[in-house]
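The values are calculated or read from the model by the stated rules, or taken from the named source; none is laboratory data. The structure presented is a predicted model; accordingly, all values stated were derived computationally and were not measured. Note that we place each Cβ from the backbone using ideal geometry, even for glycine, and neighbour counts take in every protein chain shown.
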């Protein structure tokens, strides 16, 4: 790893003992608070998350990047933080799950880049115990720097005083935030509601959240002060070859299909591809393109409308039947099957690009990091779904789980179609992605 340049920028990493403590709500409120002060705030999200970044991008007014040491690599994360630090007045990083959960964990990411952590804790029903939990987390590893505690759902000033007095001097109470349902972010079965669906409502919540961050006594909420600067170093990333020059890729993008990493779009552009977007919900005709990308999203919430747009389904099927390249991920994979049964147990016809049937499973599902073991080379990715498929073709490969030896998600290929539940991070193997979208497969297709 070569460190060729560095820049300083105030930075704070928001983590918690578990999911559901209020990290995203507080990160969004902080981003909006400092944005209203005229600051440029760059926000990052730990792990392969699509929904939180949409919320955080609207709150900050800036693009939000996903950071994952396993999926994207250490140098990639280092360079993205460095690029942000060059233009930002503040960097915020929201953790995932609990602070020490996963390999790599939020703590691993914070430690690697020396970003101090603010522990977010829902203190409802506890007082001094909140201090004990925060102290335990702060001292669990000696390579992690903890800036202090944010007490969420704090009832009264007396409640805050009990927590503050129980904390050691080197672990300050950064903020006490009262419970407020007008600020909490709306959720559904895979996480938060997509930002585009509730844009106006979110604006109201962000405005209230900026006031909420100040607290009843402004001088007591230290979180309203910029944290100490952190030194971020540049990293040398491999050059990207123009392997998709002259190719146009049509990408499904609407309320049903929106799980798209901006990093993937940037990589396609660097490889020379032109991208165009279309809506399987609204459009009747496919744009002129050499390849299709059907990303993940919420097709189950729009199954009826998708089924009624037979014109675009027929166009997509004809495109695939002609042997042209199609990449279908998770929700896009379900859309390629013969039909989809939604959460209300209603079944609707889909595009029938592939044999098989999809059905939602309520609270049961699959999630985790996996490597897609494709003939063109391995691609890092992840699975996160609450559905199942059956009567599908014989898979050509399976995902390799990050640690568990059991086979991961099935990967299907027929003609030019590559389909799976896996969401792929393109930068983990640009050559393999170029081969998929060019139709230059290394193995004969069925």
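Conditions (1) surrounded by fewer than 24 Cβ atoms within 10 Å (Cβ to Cβ); (2) closer than 19 Å to residue 429 by Cβ; (3) in contact (Cβ under 8 Å) with a residue 24 or more places away in the chain, marked per residue:
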position	(1), (2), (3)
337	no, no, yes
340	no, no, yes
344	yes, no, no
347	yes, no, no
351	no, no, yes
383	yes, yes, yes
386	yes, no, yes
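Listed by position, the strands (runs of 3 or more DSSP E) enclosed by the range 370-446 that each have at least 1 residues that are within 24 Å of residue 243 (Cβ to Cβ) and in contact with a strand residue (DSSP E or B) (Cβ under 9 Å, 6 or more places away or on another chain) are 377-385, 397-401, 407-414, 417-420.
Every residue in the range 149-161 that is surrounded by fewer than 17 Cβ atoms within 10 Å (Cβ to Cβ), over 34 Å from the mean Cα position of the chain (by Cα) and in contact (Cβ under 8 Å) with a residue 24 or more places away in the chain, please. Across the range 149-161, the qualifying residue is only 157.
Scanning the range 238-274 for residues that are closer than 26 Å to residue 90 by Cβ and either in the same structural domain as residue 85 (by TED's automatic domain parsing) or free of Cβ contacts under 8 Å to residues at least 60 places away in the same chain (or both) yields 265, 266. Restricting the range 209-243 to residues that are at pLDDT 65 or above and over 28 Å from residue 87 (Cβ atoms), the residue that is surrounded by the fewest Cβ atoms within 10 Å (Cβ to Cβ) is 243. If you check 9, 77, which single one turns out to be touching a helix residue (DSSP H, G or I) at 6+ places or on another chain (Cβ under 6 Å) and farther than 28 Å from residue 124 by Cβ? Answer to the selection: 9. Just the residues that are touching a helix residue (DSSP H, G or I) at 6+ places or on another chain (Cβ under 7 Å), surrounded by fewer than 22 Cβ atoms within 10 Å (Cβ to Cβ) and at pLDDT 90 or above, please, taken from the range 417-446. Matches in the range 417-446: 430 only.
Here is a yes/no grid of residues against (1) crowded, with 23+ Cβ neighbours inside 10 Å; (2) in a helix (DSSP H, G or I); (3) outside the structural domain of residue 112 (by TED's automatic domain parsing):
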| site | (1), (2), (3) |
| --- | --- |
| 12 | yes, no, no |
| 24 | yes, yes, no |
| 30 | yes, yes, no |
| 55 | yes, yes, no |
| 59 | yes, yes, no |
| 63 | no, no, no |
| 66 | no, no, no |
| 79 | no, yes, no |
| 85 | yes, yes, no |
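Within the range 102-121, the set of residues being in contact (Cβ under 8 Å) with a residue 60 or more places away in the chain and either assigned to a loop (DSSP other than H, G, I, E, B) or under 25 Å from residue 403 (Cβ atoms) (or both) comprises 103, 106, 107, 109, 110, 113, 114, 115, 116, 117.
Quick one: would you say residue 118 is out of contact with any helix residue (DSSP H, G or I) (no Cβ under 9 Å at 6 or more places or on another chain), modelled with pLDDT of 95 or more, at negative phi and not assigned by TED's automatic domain parsing to the domain that holds residue 385? Against the criterion (out of contact with any helix residue (DSSP H, G or I) (no Cβ under 9 Å at 6 or more places or on another chain), modelled with pLDDT of 95 or more, at negative phi and not assigned by TED's automatic domain parsing to the domain that holds residue 385), residue 118 does not qualify.
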